[in-house]
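Q: Before we start, here is the structure in question, set down as structure tokens.
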Ligand code: SF4
Ligand code: SF4
């Protein structure tokens, strides 16, 4: 079973929910659970585990073209085939430039060149780390190289990494509705949307819900910081007949523990019950 945790915007507490749900599932439902951090630009799940131990790290590469100036005739066919403007050829100046960060590894330029001037080379775009966190199967995270706009290839590779077994996987998606989020949730069985009861929170939740409807996924909503804001989000859920999984109240201790990278269930008495409610609904 794959369960994605997503939110329309950052700062809703999505990561907190992902990490604490992982631990609650391990304790109350199934020890065979894996946490996967798909927020590859900012993989923060690991910060919550003081005992985290990286046991394996591997590079993620993608294939990009390298042009041999001795064989190239500067015909520009490869640049014309490239939909992503990743190749610049200026024949009078005999200038060749490939921009790896624009390349999508589509392979069109390799097909285009009739002079055998292009060869495939690997380009390092990020890393995947397997991390032991003492409970459950552990954490697998993707980490994109800073400054690269290639989230999706890292997420695709990350999702191919098999958990130790085929149990439950919690996927922590990036915030927003970008293609990296679509990639994360596209093959999930269920999506938990984390939202705040504020006008901004409602606006971004609606965008997320539209996306989930397009992807035809089963989903429910967790309202975080439930005692702040207004009631509009509840009216919206009722009108749209969307399942409210649980409401987690704001507590100053939560913000403090988040800042210190502590697990909420360890800090706030009775906090686990919100996650037990989610688990019972998931079951
Ligand atoms: S298609 Fe081949 S020969 Fe033509 S510009 Fe590109 S690399 Fe050079
Ligand atoms: S592999 Fe595709 S995206 Fe990359 S440079 Fe070649 S044509 Fe452009």
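Q: Given the options 150, 53, 88, which has the most mean-square fluctuation in a GNM of the chain, springs set between C-alpha atoms less than 10 angstrom apart?
A: 88
Q: Say we join alpha carbon atoms closer than 10 Å with springs in a Gaussian network model of the chain; which of 85, 137, 44 then has the biggest fluctuation?
A: 85
Q: At 0.36 nm per residue, minus the direct Cα-Cα distance, what do residue 156 and residue 215 gain on full extension? Give it in nm, one decimal, please.
A: 19.5 nm
Q: Gain in length, residue 83 to residue 124, computed as 0.36 nm per residue apart minus the alpha-carbon separation, to one decimal in nm?
A: Details: separation 41, 0.36 × 41 = 14.76 nm, distance 2.15 nm.
Gain in length upon complete extension: 12.6 nm.
Q: Right, another one. Using the alpha-carbon centroid of each, what span in Å lies between the range 33-106 and the range 190-234?
A: Rounded to whole Å, the Cα centres lie 34 Å apart.
Q: While we're on this one: Return the ratio Rg/(2.2 N^0.38 Å) for the chain, where Rg is computed over Cα atoms only.
A: 1.18
Q: Between residue 73 and residue 132, what length in nm is gained on full extension when 0.36 nm per residue of separation is reduced by their alpha carbon distance? Kindly include the intermediate steps, with their values, before the conclusion.
A: On the way: separation 59, 0.36 × 59 = 21.24 nm, distance 5.22 nm.
Stretched fully, the residue 73-residue 132 segment lengthens by 16.0 nm.
Q: Which value, in Å³ per residue, describes the convex hull spanned by the Cα atoms of the range 61-124?
A: 72
Q: Among 188, 103, 75, which one moves the most in a GNM of the chain with springs linking Cα atoms closer than 10 Å?
A: Highest fluctuation among the options: 75.
Q: Less than 17 Å from a label point 7 Å out along the Cα-to-Cβ axis of residue 102: which backbone N atoms in the range 55-88 qualify, by residue?
A: Residues 64-67, 75-88 fall inside that zone.
Q: Only residues of the range 135-157 count here: report those whose backbone N is under 20 Å from the spot 7 Å along Cα→Cβ of residue 178, or say none.
A: Within reach of a label on residue 178: 141-157.
Q: Using DSSP, restrict attention to beta bridges with both residues in the chain and report what percent are antiparallel, rounded to the nearest 5. Working shown, then result.
A: Working: 24 of 51 bridges.
In the chain, DSSP labels about 45 percent of beta bridges as antiparallel.
Q: Using only the alpha-carbon atoms, what does the range 166-283 span along each of its principal axes? Please give whole angstrom values in decreasing order.
A: Here the spans come out as 39, 38, 26 Å, largest first.
Q: As a check on your grasp of the helix formula, calculate [θ] at 222 nm for the chain: sum -39500 (n - 2.57) over DSSP H runs of n ≥ 4, divide by the residue count, round to the nearest 500.
A: Mean residue ellipticity at 222 nm (helix-derived): -9000 deg cm²/dmol.
Q: Also, quick follow-up: Report the relative contact order of the chain, percent, no decimals, based on alpha-carbon pairs under 8 angstrom and at least 6 residues apart. Numbers along the way, then the final one.
A: Details: 558 pairs, mean separation 75.9, N = 283.
Worked out over the chain, it gives 27 percent.
Q: Can you tell me the 0 to 90 degree angle between the C-alpha axis of helix 199-215 and the longest principal axis of the chain, rounded to 10?
A: 60
Q: If you don't mind, there's one more thing I want to ask. Over the range 134-282, what relative contact order in percent results from Cα pairs under 8 Å that are six or more residues apart?
A: Once normalised by length, the contact order is 15 percent.
Q: For helix 151-160, what angle does its Cα long axis make with the longest principal axis of the chain, in degrees from 0 to 90 and rounded to 10?
A: Roughly 70 degrees, rounded to the nearest 10.
Q: For the chain, find the longest principal axis of its Cα atoms and tell me its angle to the long axis of helix 272-282, 0 to 90°, nearest 10.
A: Rounded to the nearest ten degrees, it is 70.
Quick note: the coordinates plus some simple rules give every number you see, no bench work behind them. Note that the structure is predicted; figures quoted are calculated from it, not measured. Here Cβ is always computed from backbone atoms with ideal geometry, including for glycine, and neighbour counts include all displayed protein chains.
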